Amino acid sequence: MSQTVASLVVDSLVANGVDALYCVPGVQNDAFFDALYDRKDAVRAVQARHEQGAAYMALGAALATGKPQAFCVVPGPGFLNSTAALCTAYALNAPVFGIVGDNATAFTGKRLGQLHEIDGQLEIAGYLAKHAVRIDDPELAPSRLATAWSAGLSDRPGPVIAEVPVDLWLKATSYRAEDLKGENLAPPAAERRVLERVSETISASRRPLIIVGGGAQDFSGEIRTLATRIGAGVSAFRTGHGVMPTGDSLCLENPVAHAVWPECDLVIGLGTRLVQQKNLWGLDDGIRVIHIDIDADVLAGDREPDLSVHADLADVLPRLLAILPRQDPRDDWRTRMAVARDRVDAAIGAELRPQLDWLAAIRKAMPGDAIIVDELTQIGYVARFAFPKHCPRSFLSTGYQGTLGWGIAAAIGAADARRDVAVVSVSGDGGALFTIGELATAVHHDIPINIIVMNDNAYGNVRTIQRENYGGRIIASDLTSPNFVELARSFGFSASRADTPDELEQHLASAIARGGRNLIEVLVGDFPSPWKRVMLGHARGEEDHEWPWPTPPPD
């Protein structure tokens, strides 16, 4: 088979372990898909119904597996349709590889009105992705692709974009398949003296907390060992869930961690930006900060930690555990955290009982290793701190981007990549319609997926804020939604409606046991506001940061 830029890009997918390409084909990429035909035994084409669906599927697959995933779209509108997923992948440190076509090199930047033409496509990609490269030289194409893959996998992982003009696909090039695999270029190992200072600081503390983010997902065992040895509570806000299983006595959901924050004398940030704790919860002279992260930019934030360690957790954690001396069990601190958990849980139970009942039903129906895909819903917000998470990569969230409408397509991608476990998507009726057309993709490619749509005929979060913070002046938040049961059945899904938490538990358990593609619609009304427990405010020190919203949640 001749070596062309098209075959090069296909072979680079294979070399980097990608076995599915989520895509919407089009004329600028026809020659690439012709090359993909020759390798369809190695890379499946999963054609989506919309470019945003294709990119969200790649993102969901990457989050569920922690491994590189890829999508392919045409330029202009096709690329722009994928960019919400692209910026979300950047926020989530997801290794997503995007292949984007372009018009012929001779027409680039000429504004001649070519099909799908936009100026600055590569520049736009560069703002949204970790790395963006244009493949416009056949001789340099192999090295540029390998560099792109390495950029996406190294340090803090992230999405990369390779832009290929239509006239380059069939250009001859020369490469060896073994040279196409990206290298994970980790930062230098932490110096021993730095780790010794970390060990000494931990040993001197009496009330430590560990905050974990998405960068900690692959180090659950080491973090659990560290927490147990030093008696530290472990907490996650959005993307670190499952690193410490909910059932562990040292697992502190975010509201509980906030409740004990005034007493904490040491916070250890692992694979997290620590933005919420440092900027909103507050710091003072009574608390020390150890921040360990693979990204130097994260460590160079607006508040310098007492100890900053730029290193891979894969390097730091085993070495730290090896030199950490025997610790005081810190029984008093464990007791204080347990008391705070009971107090906060009781308060949340009284405040948010409707959401908790629905979440309990979903949890009871799901196997322990199942994956749930969060959405921007009243149920989803509460799930962040009230849904039990038993293992890493089992609670998928949009992180700080808060990308409404990602849920169904991302869950389909996760379900495609992890066919060994059950995957459940929980969306509101507002977000569900963003990518509801991808139900057809799930049917076409026989992807097993379970979708729950909580239907309140509104953008429920917006309506709640308008009701509680703006005197009930409801505007632009009411919706007219379809009958989701009939809609799902028209796609070929099994579908049902649940009116109570008990019915939802029964329907979901049956759906998971049955397999295949299932949708459950739940008709709900207004929920009590969860924001008091989501965006937790100032707790210690001087309050020198304004609340980041125009109207703060009520006390």
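The values are calculated or read from the model by the stated rules, or taken from the named source; none is laboratory data. The structure displayed is predicted, hence computed values, not measured ones. Don't worry about glycine lacking a Cβ; one is built from the backbone with ideal geometry, like all the others, and counts go over all protein chains shown. Keep in mind that these areas ignore ligands, DNA and RNA; they rest on the heavy atoms of the full protein, side chains included. Shrake-Rupley method; radii C 1.70, N 1.55, O 1.52, S 1.80 Å.
Summary of values
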{"quantity": "For ALA509: the one exception among (1) without any contact (Cβ under 8 Å) to a residue 12 or more places away in the chain; (2) part of a helix (DSSP H, G or I); (3) among the aliphatic types (A, V, I, L, M)", "calculated": "(1)"}
{"quantity": "Cross-chain or 6+ apart pairs with Cβ under 7 Å, region 210-231 first and touching a residue at least 24 places away in the same chain (Cβ under 8 Å), then of a type in the set (Phe, Trp, Tyr)", "calculated": "GLY231/TRP333"}
{"quantity": "Single residue of ARG238, ARG336, ARG330 found to be charged (D, E, K, R) and at pLDDT below 95", "calculated": "ARG238"}
{"quantity": "Leading residue by the ranking (nearest to ALA360 (Cα to Cα)) among those in region 512-530 that are in a helix (DSSP H, G or I) and open to solvent by 40 Å² or more (accessible area, probe 1.4 Å)", "calculated": "ALA513"}
{"quantity": "Region 399-447 - residue that is touching a residue at least 60 places away in the same chain (Cβ under 8 Å) and of a type in the set (Asp, Glu) and, of those, surrounded by the most Cβ atoms within 10 Å (Cβ to Cβ)", "calculated": "GLU438"}
{"quantity": "Options VAL243, VAL160: the member that is over 29 Å from VAL344 (Cβ atoms), touching a Phe, Trp or Tyr at 6+ places or on another chain (Cβ under 9 Å) and of a type in the set (A, V, I, L, M)", "calculated": "VAL160"}
{"quantity": "Every residue from region 44-98 that is assigned to a strand (DSSP E or B) and either more than 17 Å from TYR127 (Cα to Cα) or open to solvent by 10 Å² or more (accessible area, probe 1.4 Å) (or both)", "calculated": "ARG44, ALA45, VAL46, GLN47, GLN69, ALA70, PHE71, CYS72, VAL73"}
{"quantity": "Region 406-428: number of residues that are small (Gly, Ala, Ser) and either in contact with a Ser or Thr (Cβ under 6 Å, 6 or more places away or on another chain) or over 15 Å from GLU438 (Cα atoms) (or both)", "calculated": "6"}
{"quantity": "Entirely in region 263-378, the strands (runs of 3 or more DSSP E) that have 3 or more residues that are open to solvent by less than 40 Å² (accessible area, probe 1.4 Å)", "calculated": "266-270, 288-293, 371-373"}
{"quantity": "Hits in region 80-117 - residues which are under 17 Å from VAL46 (Cα atoms) and among the aromatic types (Phe, Trp, Tyr)", "calculated": "PHE97"}
{"quantity": "Selected residue [closer than 16 Å to ARG540 by Cβ, of a type outside the set (Gly, Ala, Ser), open to solvent by less than 30 Å² (accessible area, probe 1.4 Å) and in contact with a strand residue (DSSP E or B) (Cβ under 9 Å, 6 or more places away or on another chain)] from VAL234, VAL260", "calculated": "VAL260"}
